[in-house]
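**Student:** Got a structure for you, questions after.
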Amino acid sequence: MRNLLWSQVTPKEMFLNRRSVIAGAAALGAGFAGAPALAKIAAKQSAFSTSAKPNSLEDITNYNNFYEFGWDKSDPRKHAGKLSVDPWSIEIGGMVDRPGSYPLDDILKPVTLEERIYRFRCVEAWAMVIPWIGFELRALLDRVGVQPSAKYVAFETLYRPEEMPGQRAGGIDWPYREGLRLDEAMNPLTILATGLYGEEMPKQNGAPIRLVVPWKYGFKSIKSIVKITLTDKEPATTWKSLQPREYGFYANVNPEVDHPRWSQATERKIGAGLFAPREPTLKFNGYEEQVAALYSGMDLAKNY
Ligand SMILES: Nc1nc2c(c(=O)[nH]1)N[C@H]1C(S)=C(S)[C@@H](COP(=O)(O)O)O[C@H]1N2
Ligand SMILES: [Mo]
């Protein structure tokens, strides 16, 4: 069991993933002169955070897409409780210097002090603001040593039909797969999240570790990751494989390019009430300054 003690005595948003803090403290051991100072370590807010008010924990944990647990937005909350997330490891392979099966604790230990609160908006036709706890994906990629030949990063979710009823049904060629170009993966906005609202990641949100790519539509942010592969070919992704005319590899938030079946110009704010007007969606979800250069010279209507 993870130790949740600190969350009871500290403001929720202030604290890091307790297990990794405690593991980190143990690893630092007696040599760490300022041990008591650890108690004051607070996750700093990322400079990229939006100032928009976060959605309630209730909205964030009751309105989810996690098709391994069903097709309805209320299914993940009902069924994800069955998922066991401890022990957990990620197999990292392909074009890396140090491939292997990495236990989650090993992954988290060195990044503990780099963890931040990232208050990001998740956008599809709807929008939510979620205060994630996470760290930059590039910190992990740097540790395993990305080889110069690598051009893409592929991700896979756990395949465990005994615990995931959606995987026993058809519809998707499991496991859920996603991918990023290497430069997108290395962007400081791309994070691996291990919690939200100062708590460990709720299972319906992708426990124990999931991707968050805030300038892309929600489906790119793959949950419950067990495999990361560096490759030189664009990896197959779940939604593009399913509906290539509707979903592309890039999936950048773009109000100028409609989904074939609906406009993507506006979003409905979850939690704002039924009669709140839809609001305009921002290109790259407002992160144009940070990411537009990644796509210079590319036709975003073709590379949707
Ligand atoms: N493994 C997996 N990851 C997934 C999904 C999924 O069905 N399976 N759904 C995606 C979609 S469509 C969205 S909109 C977001 C939703 O994340 P949230 O429930 O934490 O808001 O997760 C994405 N990651
Ligand atoms: Mo989605």
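Please treat every number below as a calculation from the coordinates, not as lab data. Since the structure is predicted, the reported quantities are computational estimates derived from the model, not experimental observations. No Cβ is skipped: glycine too gets one built from the backbone with ideal geometry, and neighbour counts run over all protein chains shown.
**Student:** Give the residue from Ala265, Leu141, Ile222 lying farthest towards the positive end of the charge dipole for segment 6-295; charges sit on Cβ (+1 for Lys and Arg, -1 for Asp and Glu) and the dipole is referred to the Cα centre.
**Tutor:** So the residue we want is Ala265.
**Student:** Tell me which of Thr61, Phe284, Ala154 sits at the most positive position along the dipole axis of the chain, charges placed on C-beta atoms (Lys, Arg +1; Asp, Glu -1).
**Tutor:** Result: Thr61, furthest along the dipole toward the positive end.
**Student:** Still on this structure, I have one more. Just from its helices, what would the mean residue ellipticity at 222 nm be for the chain, if runs of 4 or more DSSP H residues each count -39500 (n - 2.57) and the sum is divided by every residue, rounded to the nearest 500 deg cm²/dmol?
**Tutor:** Taking each H run of at least 4 residues, the total per residue is -4000 deg cm²/dmol.
**Student:** Enumerate the amide H contacts of Gln45 below 5 Å, restricted to partners 5 or more residues apart or on another chain; note that Pro and chain-start residues carry no placed amide H.
**Tutor:** Those lying under 5 Å, H to H, from Gln45 are Ile117.
**Student:** Given Cβ point charges of +1 (Lys, Arg) and -1 (Asp, Glu) and nothing else, what value in debye, to the nearest 20, does the dipole of segment 163-205 about its Cα centre take?
**Tutor:** 140 debye
**Student:** With springs connecting C-alpha atoms under 10 Å apart, model the chain as a Gaussian network and identify which of Gly93, Gly179, Gly206 has the largest mean-square fluctuation.
**Tutor:** In this elastic network of the chain, the residue with the biggest mean-square fluctuation among Gly93, Gly179, Gly206 is Gly93.
**Student:** Also, I was wondering about something else. When we measure straight from the Cα of Lys73, which aspartates and glutamates land under 12 angstrom away, once same-chain ones fewer than 8 places off are left out?
**Tutor:** Counting by Cα, and skipping residues close in sequence, Lys73 has these aspartates and glutamates nearby: Asp59.
**Student:** Which residue, Ala185, Pro208, Gly81, has the largest displacement toward the positive end of the dipole of the chain when charges sit on each Cβ (Lys, Arg +1; Asp, Glu -1)?
**Tutor:** Value computed over the given set: Gly81.
**Student:** How high is the relative contact order of the chain, in percent, counting Cα pairs under 8 Å that sit 6 or more residues apart?
**Tutor:** 19 percent.
**Student:** Here is a further query. What do you get for trypsin sites (Lys or Arg not before Pro) in segment 56-124 restricted to DSSP loop and a cutoff of at most 13 other Cβ within 10 Å of the site's Cβ?
**Tutor:** Qualifying residues, ordered by number: none.
**Student:** Going Cα to Cα from Lys78, which lysines come in below 17 Å? Please leave out same-chain ones fewer than 8 positions away.
**Tutor:** Lys203, Lys223
**Student:** Under the Karplus relation 6.51 cos²θ - 1.76 cosθ + 1.60, θ = phi - 60°, what is the ordered set of whole-Hz ³J(HN,Hα) values for segment 263-268, x standing for Gly and Pro?
**Tutor:** 6, 10, 6, 10, 9, 9
**Student:** Report, ordered by chain and residue number, the lysines lying within cross-link reach of Lys151, taken as a straight Cα distance under 21 Å and ignoring same-chain residues fewer than 8 apart.
**Tutor:** Lys216, Lys220, Lys227, Lys233, Lys240, Lys302
**Student:** Further question on the same structure: State, as an integer percentage, the relative contact order of segment 33-142 based on alpha-carbon contacts under 8 Å between residues 6 or more apart.
**Tutor:** Rounded, it is 29 percent for segment 33-142.
**Student:** Can I ask one more? When the Karplus curve 6.51 cos²θ - 1.76 cosθ + 1.60 is applied with θ = phi - 60°, which whole-Hz ³J(HN,Hα) does each residue of segment 280-289 get, with x for Gly and Pro?
**Tutor:** Result, rounded to whole Hz: x, 7, 8, 4, 6, 6, x, 9, 4, 4.
**Student:** Pairing the Cα long axis of helix 18-28 with the longest principal axis of the chain, what angle in degrees results, from 0 to 90 and rounded to the nearest 10?
**Tutor:** That works out to roughly 50 degrees.
**Student:** Just to check I understand the Karplus step: with θ = phi - 60° and J = 6.51 cos²θ - 1.76 cosθ + 1.60, what whole-Hz values come out for segment 240-246, glycine and proline as x?
**Tutor:** Each residue of segment 240-246 in turn: 5, 5, 6, 9, x, 6, 9 Hz.
**Student:** Something else: Given Cβ point charges of +1 (Lys, Arg) and -1 (Asp, Glu) and nothing else, what value in debye, to the nearest 20, does the dipole of the chain about its Cα centre take?
**Tutor:** In debye, rounded to 20, the chain gives about 400.
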